[in-house]
1. Rounded to a whole number, what % of the accessible area of the range 82-239 do carbon and sulfur atoms account for, probe 1.4 Å?
2. Place a label point 7 angstrom from the Cα of K112 along the Cα-to-Cβ direction, then list the residues of the range 129-152 whose backbone nitrogen is under 15 Å away.
3. Please report the accessible area of V82 (heavy atoms, 1.4 Å probe, ligands and nucleic acids excluded) in Å², nearest 10.
4. Radius of gyration and Dmax for the range 126-277's Cα atoms, expressed in Å?
5. What is the ratio of the Cα radius of gyration of the range 229-276 to 2.2 N^0.38 Å, where N is its residue count, to two decimals?
6. Based on the Cβ-Cβ distance of E72 and A286, what FRET efficiency does E = 1/(1 + (r/R0)^6) give at R0 = 41 Å, to the nearest 0.05?
7. Between Q133 and N171, what is the label-to-label distance in nm when each label sits 7 Å out along the Cα-to-Cβ direction?
8. Placing one identical point scatterer on every Cα of the range 92-135 and ignoring solvent, what is log10 I(q)/I(0) from the Debye formula at q = 0.23, 0.34 Å⁻¹?
Amino acid sequence: MLLPLPPQSSKPEPTKSQSSKIVPSHHDQSEKTGENCQMKISPSSLQESPSSLQGALKKRSAFEDLTNVSFEMTHETLYLAVKLVDLYLMKAVCKKDKLQLLGATAFMIAAKFEEHNPPCVDEFVYICDDNYQRYEMLNVEIDILNVLKFDINIPVAYHFLRRYARCIHTNMKTLTLSRYICEMTLQEYNYVQEKASKLAAASLLLALYMKKLGYWVPFLEYYSGYSISELHPLVRRLNKLLTFSSYDSLKAVYYKYSHPVFFEVAKIPALDVLKLEEILNCDCEAKGVVL
């Protein structure tokens, strides 16, 4: 039996927020090789000792500053840029001192793909403090595109997140909270292997629990195609990530979503572990599922 559609909101969904553009996406495919691949970045791909991997992945989290500080670019650009870096490092070697160049170039490619008016090459060179030359960035751009065989139409979690939120007609504050949860994972290598669609569904599910909107869970389950029992292990991990977010040394995302423009959702406390388990058990009992 099909679930009824949620009641339509009388107000049209906003297409733009004050400091971050949200534009209609023209690639809403739900399944693709890029979405299903299991990603692993080996230490050898960084041409450094194994201990350098940790530093490299920390630099991966700094890529977000390029969009939030220097330019006003869409969330899709951020997610695609990080995905391009991950996919590239699966197949190619990158020296540690070239990671900033790799990240900036990935953003340039993503901006060309997602933005109506992408920044020019010289602007990306400038935000790297002129550590690199223009020709170096153009050479890396060619290298990335060749390694990825020009296949950069990759599903990212934000595409799915926006679609799910639109399907269940969630309000902007709840959507922003789910965006914060999802964006926190961009800093963490442990979430690279997760499917984009599943990560988006789990982020929105946790946001619904945090906002005490559990009655929307069946609709999310229906439109995402994931059962709640499939999402619960990932929800637990995401809640743990939020619990320690304010103590993490990587605070770019936390500071961004602590701003009033983003409803200060980063300041919303994560769910207590026992409270979360109680909610998960209630959901499973309602579905007749044993954890």
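1. For the range 82-239, the apolar C and S fraction of the accessible surface comes to 50 percent.
2. 134-152
3. 10
4. For the range 126-277, the Cα radius of gyration and maximum Cα-Cα distance read 17.7, 55 Å.
5. Normalised Rg, Cα atoms only: 1.25.
6. The pair E72/A286 has a calculated efficiency of 0.45.
7. Label at Q133, label at N171, 5.6 nm between them.
8. For the range 92-135 at q = 0.23, 0.34 Å⁻¹, log10 I(q)/I(0) is -0.79, -1.23.
The values are calculated or read from the model by the stated rules, or taken from the named source; none is laboratory data. Source: prediction; values computed, not measured. Cβ coordinates were reconstructed from backbone atoms using ideal geometry, including for glycine residues, and neighbour counts include every protein chain displayed. Please note that ligands, DNA and RNA were not included when accessible areas were found on the heavy atoms of the full protein model with its side chains. Shrake-Rupley method; radii C 1.70, N 1.55, O 1.52, S 1.80 Å.
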